[in-house]
1. What is the number of the single condition among (1) assigned to a helix (DSSP H, G or I); (2) of a type outside the set (Lys, Arg); (3) under 15 Å from the mean Cα position of the chain (by Cα); (4) within 11 Å of another protein chain (Cβ to nearest Cβ) that residue A:265 does not meet?
2. Of the numbered conditions (1) surrounded by fewer than 24 Cβ atoms within 10 Å (Cβ to Cβ); (2) more than 12 Å from chain C (Cβ to nearest Cβ); (3) not polar (S, T, N, Q), residue A:285 satisfies every one except a single condition; which is it?
3. Would you call residue B:350 in contact with a Leu (Cβ under 8 Å, 6 or more places away or on another chain) and either of a type outside the set (A, V, I, L, M) or not in a loop (DSSP other than H, G, I, E, B) (or both)?
4. Can you give me the number of residues within region C:127-146 that are open to solvent by 30 Å² or more (accessible area, probe 1.4 Å) and of a type in the set (A, V, I, L, M, F, W, C)?
5. Does region A:289-314 hold any residues that are within 11 Å of chain C (Cβ to nearest Cβ), among the small types (Gly, Ala, Ser), touching a Ser or Thr at 6+ places or on another chain (Cβ under 8 Å) and farther than 16 Å from residue A:272 by Cα, and which are they?
6. Restricting to region C:366-381, and then to whatever is without any contact (Cβ under 8 Å) to a residue 40 or more places away in the chain and open to solvent by less than 30 Å² (accessible area, probe 1.4 Å), can you tell me which residue is nearest to the other protein chains (Cβ to nearest Cβ)?
7. Inspect region C:10-18 for any residue being in a strand (DSSP E or B) and of a type in the set (Ser, Thr, Tyr) and give the result as yes or no.
8. Identify the residue in region C:222-231 that is among the aliphatic types (A, V, I, L, M) and facing another protein chain (nearest Cβ under 8 Å) and, among all such residues, is most open to solvent (accessible area, probe 1.4 Å).
Amino acid sequence: MQPPIIHGTTAEGFESVRTAFARAAQATGSDYAAQCCVYWRGHCAVDLWTGPQMKADTLLGAYSASKGAAHLVVARLVQDGALDLQQKVCHYWPAFAAEGKGELRLHELLAHRAGLVGSDQGFSLEELADDRIVAERLAVQRPFWRPGYAFGYHALVMGALSGEVVRRATGQSIQSLFDTWFKRGAEVDFHLGLSDVEEDRFLPTLPITMPPDRKPASARPCSLTDIAFNRHHPQSPAVWELPNYLQVRRMGSASLGGVASARGLARMYAVATMAVDGQEPLLDPRTQACFGQIQSAGHDLVLGNYKAFTSGFHATSSYYPLLGAGTFGHSGAGGQQAFADPRHAIAYGFTRRRPPFPAAAAPENDRLLDALYQSIGKLGH
Amino acid sequence: MQPPIIHGTTAEGFESVRTAFARAAQATGSDYAAQCCVYWRGHCAVDLWTGPQMKADTLLGAYSASKGAAHLVVARLVQDGALDLQQKVCHYWPAFAAEGKGELRLHELLAHRAGLVGSDQGFSLEELADDRIVAERLAVQRPFWRPGYAFGYHALVMGALSGEVVRRATGQSIQSLFDTWFKRGAEVDFHLGLSDVEEDRFLPTLPITMPPDRKPASARPCSLTDIAFNRHHPQSPAVWELPNYLQVRRMGSASLGGVASARGLARMYAVATMAVDGQEPLLDPRTQACFGQIQSAGHDLVLGNYKAFTSGFHATSSYYPLLGAGTFGHSGAGGQQAFADPRHAIAYGFTRRRPPFPAAAAPENDRLLDALYQSIGKLGH
Amino acid sequence: MQPPIIHGTTAEGFESVRTAFARAAQATGSDYAAQCCVYWRGHCAVDLWTGPQMKADTLLGAYSASKGAAHLVVARLVQDGALDLQQKVCHYWPAFAAEGKGELRLHELLAHRAGLVGSDQGFSLEELADDRIVAERLAVQRPFWRPGYAFGYHALVMGALSGEVVRRATGQSIQSLFDTWFKRGAEVDFHLGLSDVEEDRFLPTLPITMPPDRKPASARPCSLTDIAFNRHHPQSPAVWELPNYLQVRRMGSASLGGVASARGLARMYAVATMAVDGQEPLLDPRTQACFGQIQSAGHDLVLGNYKAFTSGFHATSSYYPLLGAGTFGHSGAGGQQAFADPRHAIAYGFTRRRPPFPAAAAPENDRLLDALYQSIGKLGH
């Protein structure tokens, strides 16, 4: 095989990130296509892409990295006083109090403690694409665990729940506020609702490659995990296919419907946490610290392993020990990784065109982040 | 070795459960004796038994599957409004407030959060067999952990605690209410207190076979686990022997003293959750969902590994991913497994005459349930 | 290699502890130096030492075993009614309420639930040695997790936090109260603040031997674990070196600055929990039970593995199943182990001159405790 062609630039001192990116491309195979972008201290320090059809500004499904975009909006609203994390959810959204959810606080909802990971009936593709339908259905749903007593990843519905709170509190959707503050306000190439004019930059996700010996799923799946991933609905789409549906991209579900480049992912966290192009960060240090504080940590009832969440974000440093305490971000099932590490003045974005198996942050992020943090260590404090 | 003889019947489409049962018998040895019974959509779909002296209606010690029987009574009382899960335990039982237990709620008690897993002095066999003596002793006991802050399996005393609440709230024992609603009211062959006339159907448990290299127990055991299993009492009986004592069977301790066939186990959960023989289920869908909701999940302080409890039941689907969310049931140390899976309209019961090592739900339940759930998957929705 | 010389005595029936101690010395190498002391039922039953320069009354850095000394003082204050575990920390220490810590209770602080494991800026050696400076800095620090919702080891600061509460409530330092009740009052050779006259008995800790293949630390460490161990401060000393600094020994930080012999460690827990030399124990049975009750158990956010704490102590029996429920104590990074096991009437102390890797209770404690508990099992109840 030919050595892969790596496009783009790295600032002086970041060459080893390029090397790590090239190695990932070489190791993964000839159809490997990915992007990696890093901001350091307000400037773009890494801007790389590789693979067939991939360009610097190619847009890919962001999957759950969309939750990161949505919850940056929530963070800004908390900073502005429009939302209060200590409030009960039903203060903003009275119907939410049904079925024993009346005491749940907003910070608990954002930390995946509501127990509202799916609906008994499941969602059609059309329903899943529409945050308002999802929210309306979940308001009357009985939680799968005692609200607040445990936590589990609200994989497909988190953004619909937080989005409904935002809409009730502000009269605007998360999508619209994201557009105002991040997309238009700060030139962030992240789309919670992709417009017609941007469609030609979108590249569909390639099918996930399952291992051949994978155990077949239940004939009639309805475990807690099945319900959280909507596998119990008769027309349930595979998660990896979701952004390939036009209606999912158009609606821009705050849980999973975003579309972005790695540049968009990194810039989104950069403009939120550091001065970029002479603009103050959208979140002040106090708000950054607030949304970097761990809220739920331990056994995730949906995923069945150790997870750590802040208010609406992954506590990303729980998975990469080189990162600083207070790092907050969100990975995506397509292989995405994205976060802000305020202690190191880093904002990071990574995308891939074919999801890894299992569908989660791609394993090459480990080596990319090793190289990146060694680089900034050498460049000094 | 001769192939084992499998007695009984399976409905059309459930033949693979019989095959799995036969394989378990073949693999385990010539003295293997077991029963397996399944209700599906209101009808008995599997009714099998095998082994020396074993008959369709043989009664075996139910061990902790007794807690399932007891807490079906609690569920019905909650449905009827006679008990409120949100209430403080000391509302019903004032003496329980001693030693820092005054704030504990009934739902926390049922979710093994009280920290009251045993008594400092331990219990003689006579005391352990009598729920009222156990309850009286535990009312004045200091909890082993801060009540509500953690959970651990109340192996030998759970039913005494919940039973005392029932007695205080209703004036009747759990055993008596179970008889009325389940044994006499719905022909369930499960006995919380075996009468003289049924004694001839009882088969004593055979000794558990310990592995020869097992580490000897502490010379003076009093760890939290030792106390929960009453090993610190000088005349402590082995758990596997308990139902072999007449007084244990007679008293029918709600924690461990029940006696049942697999038919009894399965029918108990069937009549609770589905229409059987033209009778409405004893629990309405809302109550079934309430008692299927996870209350405690994570590290069990007594057992030292991952466990998940609903209010008084195992969240059985946490251990078998094919089962539906909301499944509730209770295994037993003799190898029993029993549960209701309302999403699949399944009620399941399994017994064995010799406990497996370690004493818990027998490993053959994994294959039996694989076969069962494949069967209903093929039979369709 | 010559067989190591083991000094000291064991009471009749405890010979196997001497054998286990000799085996540890033989296995570890020629510069092995350690002490082991045990009280049983009010009398010294094991009093052993070995190795170059080591004497019966040699004083070594106690590291986190200091927290045990400090929290015996807290336990006594609770017994006397001078402190109330249910009170909010800010009741005693108003400045503590900053940054969302206003609801935290004293029992939560002591159970490592405050989330206040370090300061954003880190501490110089001078600062770290001074509990009052540490406390002042942490009062204004934002917690790293939501207070009360999780727990993690407050490795270098726990005693400064509990000490400030003590100072505010009583007008005296933990160090001074420890001197009064334990060092002078009960002849305990444990020094929270070593005086000039005792300096000649102090032996510096030998360097910890790191495995050669150990992964290098982050170039700019600031993970939660890094912050808890103060690695993010530019002049951060290695933890193993701390007691070798004169100012650390002089100030006697309640988190890590104590100095003790094994005799001191064992006698400290003995006089707290049993009658020694005709004196009543400093803690009554109720207080012992209170401080032996588990408060936090599960995944420790700082250490990344399973831990169990009581109020200010390790729930030591969670790590050694032979020990009784209600055991409380504290290990130290230099290899120390020390605890009271009231159910077995045991008080135990162990020291080493060179810390093991990883820095924690030395592995030979496992064999020593096996031998010890077999001994008392044979000696009878």
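1. For residue A:265, the exception is condition (4).
2. The one condition residue A:285 does not meet is (2).
3. On the way: in contact with a Leu (Cβ under 8 Å, 6 or more places away or on another chain): yes; either of a type outside the set (A, V, I, L, M) or not in a loop (DSSP other than H, G, I, E, B) (or both): yes.
Against the criterion (in contact with a Leu (Cβ under 8 Å, 6 or more places away or on another chain) and either of a type outside the set (A, V, I, L, M) or not in a loop (DSSP other than H, G, I, E, B) (or both)), residue B:350 qualifies.
4. Going through region C:127-146 one residue at a time, the tally reaches 2.
5. Within region A:289-314, the first condition is being within 11 Å of chain C (Cβ to nearest Cβ), and the residues that meet it are A:289-290, A:292-299, A:306-311.
Those left that are additionally among the small types (Gly, Ala, Ser): A:289, A:292, A:296-298, A:308, A:311.
So of that shortlist, the ones also touching a Ser or Thr at 6+ places or on another chain (Cβ under 8 Å) come out as A:292, A:297, A:308.
Residues satisfying the conditions are A:297, A:308.
6. Filtering region C:366-381 down to residues without any contact (Cβ under 8 Å) to a residue 40 or more places away in the chain leaves C:377, C:380-381.
Right, trim to open to solvent by less than 30 Å² (accessible area, probe 1.4 Å) and you get C:377, C:380.
On the way: C:377: 2, C:380: 9 Å.
The residue in question is C:377.
7. So in region C:10-18, the residues in a strand (DSSP E or B) come out as C:10.
If we keep only those that are of a type in the set (Ser, Thr, Tyr) too, we end up with C:10.
Within region C:10-18, one or more residues are in a strand (DSSP E or B) and of a type in the set (Ser, Thr, Tyr).
8. Taking region C:222-231 as the starting set, the residues that turn out to be among the aliphatic types (A, V, I, L, M) are C:224, C:227-228.
Those left that are additionally facing another protein chain (nearest Cβ under 8 Å): C:224, C:227.
Numbers: C:224: 24, C:227: 3 Å².
Within region C:222-231, the match that is most open to solvent (accessible area, probe 1.4 Å) is C:224.
The values are calculated or read from the model by the stated rules, or taken from the named source; none is laboratory data. Treat the numbers as computed from the prediction; the structure is a model and nothing was measured. When we count neighbours, we look across all protein chains shown, and the Cβ atoms used for this are built from the backbone with ideal geometry, even at glycine. Accessible surface areas use protein heavy atoms only, side chains included; no ligands, DNA or RNA. Shrake-Rupley method; radii C 1.70, N 1.55, O 1.52, S 1.80 Å.
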